[in-house]
1. Run Gly100 past the list (1) touching a Lys or Arg at 6+ places or on another chain (Cβ under 7 Å); (2) assigned to a strand (DSSP E or B); (3) more than 19 Å from Arg12 (Cα to Cα) and report the number of the one that doesn't hold.
2. In the stretch 106-118, which residue that is within 11 Å of the chain's Cα centre (by Cα) and in a strand (DSSP E or B) is nearest to His65 (Cα to Cα)?
3. Out of the residues in the stretch 33-58 meeting the condition of being more than 10 Å from Leu78 (Cβ to Cβ) and among the aliphatic types (A, V, I, L, M), tell me which one is farthest from the chain's Cα centre (by Cα).
4. Report, by residue number, each residue of the stretch 84-114 that is without any contact (Cβ under 8 Å) to a residue 40 or more places away in the chain and not β-branched (Val, Ile, Thr).
5. Of everything in the stretch 11-33, what is in contact (Cβ under 8 Å) with a residue 40 or more places away in the chain and either assigned to a strand (DSSP E or B) or not acidic (Asp, Glu) (or both)? Give them in sequence order.
6. May I ask you to list the residues in the stretch 91-103 that are crowded, with 18+ Cβ neighbours inside 10 Å, farther than 14 Å from Ile28 by Cβ and either modelled with pLDDT of 95 or more or more than 12 Å from the chain's Cα centre (by Cα) (or both)?
7. Could you figure out which of (1) among the β-branched types (Val, Ile, Thr); (2) at pLDDT below 95; (3) under 21 Å from Thr122 (Cα atoms); (4) touching an Asp or Glu at 6+ places or on another chain (Cβ under 8 Å) isn't true of Val76?
8. Under the condition of being at pLDDT 90 or above and surrounded by fewer than 13 Cβ atoms within 10 Å (Cβ to Cβ), which residue from the stretch 47-71 is nearest to Lys105 (Cα to Cα)?
Amino acid sequence: MPKEQTITRIIRTFRDQEEAQNVLKDAIEEKRRSNLSQALNAAYDGKGKFSCQLTIDGKKVDVWHASAGVKGVSSVTLFYFPKDLTAAQFHLIALAEHAGGTTYKIDPDFGQDDFPYKKRKTVGVDGQGER
């Protein structure tokens, strides 16, 4: 049976896509901003992909990811969970870019202090491991 994962820190809660775009665009390089827009569109359009299940503040939540871009060129991946499946609000767990086909380099400012989704680490879709 897999070990249950726990995160107690939500990096940021965004009330809507416009707020997320305005805050995160200043945190990334200019060449990645179009990737950010595409990843946010996917997240807000319900096109994110399931990543894992975590316990946050005692509640199990499904964590999703939405990506855009090309590894080695420019990319953005958002790890998040929505307030609910119909709400515009979502909670950011980590911001990353593609390191490989199924691995992600977590941002130094928008990541967790430890695994899963640890800052500056290369992880799998479930946020685990130095890969």
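The values are calculated or read from the model by the stated rules, or taken from the named source; none is laboratory data. Nothing here was measured: the structure is a model prediction, and the numbers come from that model. Here the Cβ positions follow ideal geometry from the backbone for every residue, glycine too, while neighbour counts run over all protein chains shown.
1. Every listed condition holds for Gly100 apart from (2).
2. At the first step, the residues of the stretch 106-118 found to be within 11 Å of the chain's Cα centre (by Cα) are 106-107, 110-112, 117.
Subset that is in a strand (DSSP E or B): 106, 112.
Working: Ile106: 13, Gln112: 15 Å.
Selected residue: Ile106.
3. Ile56
4. Asp84, Leu85, Ala87, Ala96, His98, Ala99, Gly100, Gly101, Tyr104, Lys105, Pro108, Asp114
5. Ile11, Arg12, Thr13, Phe14, Arg15, Gln17, Ala20, Leu24, Ala27, Ile28, Lys31, Arg32
6. Across the stretch 91-103, the qualifying residue is only Ala99.
7. With (1) among the β-branched types (Val, Ile, Thr); (2) at pLDDT below 95; (3) under 21 Å from Thr122 (Cα atoms); (4) touching an Asp or Glu at 6+ places or on another chain (Cβ under 8 Å) applied to Val76, the lone miss is (2).
8. Looking at the filtered set, the residue picked out is Val70.
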